[in-house]
1. Do we have any residue at all in the range 199-209 that's in contact (Cβ under 8 Å) with a residue 24 or more places away in the chain, assigned to a helix (DSSP H, G or I) and more than 22 Å from I57 (Cβ to Cβ)?
2. If I ask for residues that are under 20 Å from G73 (Cα atoms), touching a Ser or Thr at 6+ places or on another chain (Cβ under 8 Å) and surrounded by fewer than 23 Cβ atoms within 10 Å (Cβ to Cβ), which ones from the range 173-208 would you list?
3. Scan the range 1-46 for residues that are open to solvent by 70 Å² or more (accessible area, probe 1.4 Å), in contact (Cβ under 8 Å) with a residue 24 or more places away in the chain and over 27 Å from D124 (Cβ atoms) and report the count.
4. Considering only residues that are of a type in the set (V, I, T) and closer than 19 Å to V234 by Cα, which ones fall in the range 142-173?
5. Scanning for something within 20 Å of D166 (Cβ to Cβ), assigned to a loop (DSSP other than H, G, I, E, B), out of contact with any His (no Cβ under 9 Å at 6 or more places or on another chain) and open to solvent by 20 Å² or more (accessible area, probe 1.4 Å), does the range 230-239 turn up at least one residue?
6. How many residues does the range 63-81 contain that are of a type in the set (S, T, Y) and out of contact with any Gly (no Cβ under 7 Å at 6 or more places or on another chain)?
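The values are calculated or read from the model by the stated rules, or taken from the named source; none is laboratory data. In this text, all values refer to a predicted model and were calculated from it rather than measured experimentally. Cβ placement follows ideal geometry from the backbone for every residue including glycine, while neighbour counts extend to all protein chains displayed. Ligands, DNA and RNA are stripped out before the accessible areas are found, and what is left, the full protein with its side chains, is counted by its heavy atoms. Shrake-Rupley method; radii C 1.70, N 1.55, O 1.52, S 1.80 Å.
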Amino acid sequence: MTEIDTSVPHSARIWNYWLGGKDNYPVDEAAGDAYTAVFPGIVTIARSSRAFLGRSIRYLVEEAGVRQFLDVGTGLPTVDNTHEVAQRFAPESKIVYVDNDPLVLAHARALLTSTPEGATAYEDLTLYEPEKVLQAASRTLDLTRPTALILSGILGHVTDYDLARDLVRRLMAGLPSGSHLCVNDGSRGTDPDYEQAQDAYNETGAVPYLLRPVDKIEAFFEGLDLVDPGVVSVPLWRPDGDATPAPIGQHGGVGRKA
């Protein structure tokens, strides 16, 4: 297995730190603190993204009737992981996590828990191998039945936009009618401070994460039927309670394959 380098900060571990997780190192905390010193709102973005994931999975289970989930680029386990939310509302749900990060692999055991009625599996693959991902997922999931593809905060790491769209198309092509796509990613056009902080982070030589205009995030859903309210700032996607939350530079949505 690849060695885990604890001498340089790592985006998945920084994200874990912002979410309040424990799977990070002092170098990640220092990088995370440096980022929040420039843009304190990043913690809100991280936690709002996680909350959107929870609400969208609940929608998929309770309203769309989905019982199978393929979560690609899952990152480190924290709270309310995909399988925990899905199986809370439908214990028979089956989930396949896909990531190729050695630290995530080291924590796979934390992910590989399931209700007795359902199933949870982990595949050591990348988003850049969509056909292999689908083949591996078919060991746990019945890909003749509706499946939800979860791409949470991962497409911004694919710097070639045309390639990112192609990867989404190829993954969705392997899923049947009634399947859903759930995407949320950092966006441009809402929060200039976030854009400035992220652009500066990308220039440090770290693995880049690109914020994209909302119309480019919407285009990931081409050919799918968007679930109301469409692609919106994540706090505005079917929020809990009566209050109208403030928009942030993170957009997401859910689309259904006809």
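1. So the first thing to find is which residues in the range 199-209 are in contact (Cβ under 8 Å) with a residue 24 or more places away in the chain, and the list is 200-201, 206-209.
This time we only want the ones that are assigned to a helix (DSSP H, G or I), so: 200-201.
Next, only the ones that are more than 22 Å from I57 (Cβ to Cβ) stay: 200-201.
Yes, the range 199-209 has at least one match.
2. Those that are under 20 Å from G73 (Cα atoms), touching a Ser or Thr at 6+ places or on another chain (Cβ under 8 Å) and surrounded by fewer than 23 Cβ atoms within 10 Å (Cβ to Cβ): A206, V207, P208.
3. 2
4. Taking the range 142-173 and keeping what is of a type in the set (V, I, T), we get 144, 147, 150, 154, 158-159, 168.
If the condition is that a residue be of a type in the set (V, I, T) and closer than 19 Å to V234 by Cα, then I150, I154 are the ones that fit.
5. No, the conditions are met nowhere in the range 230-239.
6. Here is the first cut: in the range 63-81, the ones of a type in the set (S, T, Y) are 74, 78.
Checking which are out of contact with any Gly (no Cβ under 7 Å at 6 or more places or on another chain) leaves us with 74.
Number of matching residues: 1.
Yes/no per residue for (1) hydrophobic (A, V, I, L, M, F, W, C); (2) surrounded by fewer than 21 Cβ atoms within 10 Å (Cβ to Cβ):
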| residue | (1), (2) |
| --- | --- |
| G54 | no, yes |
| T74 | no, no |
| N81 | no, no |
| V104 | yes, no |
| T113 | no, yes |
| D124 | no, yes |
| E129 | no, yes |
| R139 | no, yes |
| D142 | no, yes |
